[in-house]
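Working notes for the structure below.
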């Protein structure tokens, strides 16, 4: 039986020419924000804010960093900034104590030998029958 394996699972679906659904939604939101800016502010402030909104929307929609969309880059940047940069090791032993502990050789591993009884000729013949019959012969049934 043959199955079709998807080849390009990392490629987003395109809806309008080369524009994907994610890019289209980002551009629509940027356009709505510019429309609200047009209604709320005078023309000089609107132009300044609209250029800024268009630049942010275009960057979020089309710019990629290391092959990932820009908003993933911003999320990773925020996570990196919130994590502590310096990690401090609160050691309980002094350097001399640690060197002393490391100098002691570990005990040799204990090797437990398992003693097995040698196979008798009857046991060996039973095993060969099981192998030869493909498991059909069961020695417990006799």
Worksheet item: Does residue 33 satisfy the condition of being surrounded by 12 or more Cβ atoms within 10 Å (Cβ to Cβ), at pLDDT below 95 and touching a helix residue (DSSP H, G or I) at 6+ places or on another chain (Cβ under 8 Å)?
Response: no
Worksheet entry | Residue match in the stretch 47-66 (condition: in a loop (DSSP other than H, G, I, E, B), surrounded by fewer than 10 Cβ atoms within 10 Å (Cβ to Cβ) and modelled with pLDDT of 85 or more) | yes
Discussion item. Every residue in the stretch 1-46 that is closer than 14 Å to residue 61 by Cβ, touching a strand residue (DSSP E or B) at 6+ places or on another chain (Cβ under 9 Å) and not in a helix (DSSP H, G or I), please.
Written reply: 12, 14, 20
Response to the item:
Of the residues in the stretch 67-104 that are surrounded by 11 or more Cβ atoms within 10 Å (Cβ to Cβ) and in contact with a helix residue (DSSP H, G or I) (Cβ under 9 Å, 6 or more places away or on another chain), the one that is farthest from residue 10 (Cα to Cα) is 74
Worksheet item: Within the stretch 97-109, can one find any residue that is out of contact with any strand residue (DSSP E or B) (no Cβ under 7 Å at 6 or more places or on another chain) and closer than 30 Å to residue 20 by Cβ?
Response: no
Fill in: Output for the stretch 1-14, where each listed residue is under 21 Å from residue 71 (Cβ atoms) and exposed (fewer than 12 other Cβ atoms within 10 Å of the Cβ)
9, 10, 11, 13
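The values are calculated or read from the model by the stated rules, or taken from the named source; none is laboratory data. What you see is a predicted model, and the numbers here were worked out from it, not measured in a lab. No Cβ is skipped: glycine too gets one built from the backbone with ideal geometry, and neighbour counts run over all protein chains shown.
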